[in-house]
1. What is the list of residues in the range 182-196 whose amide nitrogen lies under 20 Å from a point 7 angstrom out from the Cα of residue 302, following Cα to Cβ?
2. In nm, what is the difference between 0.36 nm times the number of residues separating residue 156 and residue 27 and their Cα-Cα distance?
3. Heavy-atom accessible area of residue 330 with all protein chains present, probe 1.4 Å, nearest 10 Å²?
4. Calculate the spin-label point distance for residue 217 paired with residue 16, positioning each point 7 Å from the Cα along the beta-carbon direction, and give it in nanometres.
5. Under a crude label model (7 Å from the Cα following the beta-carbon direction), how far is residue 267 from residue 225 in nanometres?
6. Using a 1.4 angstrom probe on the protein heavy atoms only, could you order 227, 61, 55, 31 from most to least accessible area?
7. Computed FRET efficiency, Cβ-Cβ of residue 312 and residue 258, R0 30 Å: what is it to the nearest 0.05?
8. Using a probe radius of 1.4 Å on heavy atoms only, what accessible surface per residue do you get for the range 22-66? Whole Å² is fine.
Amino acid sequence: MPPTLLTLAVWGACLIVLGVVIYFFWQIIGRVGIVALPVAVAFLLTALLYPVTGRLRRRMRPIYATWLTVLLFFAVIAGIGFLIGIRANAEAPRLVDQIDKTSREVQAWLINGPFHLKESQITGVIDELTKQLVERRGQITGTVITGAAAVVEVLAGIVLLLFVTFFFLKDGDRIWNWFLRAFGGAAPHVDRAGRSAWRTLSHYVQGTVAISAIHGVVIGATLAVLRVPLWAPLAVLVFIASFIPIVGILFAGTVATLVTFGSQGWVPAAIFVGVLIVEQQLENHVLQPLIVGRAVDFHPLAIILVLGVGGVIAGIAGAAVAVPVAAVIYRVLQELLRREPPPPVGEPPQSPPLHPQGAEPPERSTPKPSGSVEAVSPQRNG
């Protein structure tokens, strides 16, 4: 048999086995998706909040630092929600009136403008849309009922997310050391790969939050200057949507543009689109390369493909976590394929993968049982 064909056959067999393993692994995750997704989001939330917890742990016990971090997080979320509720309650009636006025102006322009449409044609289009809605009323009602059933799952997922995040913040180092004990002599390699993956995830999450905050502030300030109703909820929508690279800002920007056009007319809408384009170019060429680019190191085409795969597999939630998951997997494979020997487990850097480097270890040290991976020398294990 030619050596090239033999090499291709071996590679093909390995890929088939790997594909089967991945398939069954994904089937297991699909069965426990209500658990897997909150845990994945908890990792992202822990990467965002641990810098605060790490600073607080220098001044107080880990349990107090964790509780204070969680309470601060809830305070920020509640404050933002309260402000959005106030603005929405005050400006929603004005928005409805302005959209009604703009729709009449657009209808008059279609009739008297360059298109010279007849009023009967416009009325026919509106009647057709109304007819479609009436015919699909059953589907819409079924969707609402299904959504109401999904609310229970969402609430359960949120509760699990909060519990997992709390214990990751409090006992992340102990959880990681316990996890390493299962790998025996390979623990140093797994430890190095885990630390590298955690640094990548932390840089990505913190950088993405910073970029999303810049998006929200710029867009919110622009909408406020243009006197667009509901500018605060739209700014929060832009902030949340920016966590999905490339696609999220396009969706949120489109919604904000439609609201601006419906309430203020086409001139403010054109100004807003111009600001949105400039701000998007600033993100692509300055913010993303400087803040997130070095942590992910993905080409935009790779990001688009990863987003597409994540969206097909798990919808919006899959698209939101697809890029950090792919970046972590890529960095783990890089570290596992490195030839140089890793440092023994427990030697510097001391920060565990669930805690960034430079953070102080917990004040109370738990006794290490005999046979733990920290007491095993990599030389003795080969």
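1. In the range 182-196, the label zone of residue 302 (backbone N under 20 Å from the point 7 Å along Cα→Cβ) covers 193-196.
2. Extending this stretch completely gives an extra 44.3 nm.
3. 90 Å²
4. Each label point is offset 7 Å from its Cα along the Cβ direction, giving 5.7 nm.
5. 1.6 nm
6. Output order, biggest surface exposure first: 31, 227, 55, 61.
7. Result of the calculation: an efficiency of 0.65.
8. Spelled out: the 1.4 Å probe surface of the range 22-66, per residue, equals 62 Å².
The values are calculated or read from the model by the stated rules, or taken from the named source; none is laboratory data. Everything numeric in this text was worked out from a predicted model, so none of it was measured. Cβ atoms come from the backbone with ideal geometry, glycine included; neighbour counts cover every protein chain shown. Each accessible area value is taken on the protein alone, full model and side chains, heavy atoms only, with ligands, DNA and RNA left out. Shrake-Rupley method; radii C 1.70, N 1.55, O 1.52, S 1.80 Å.
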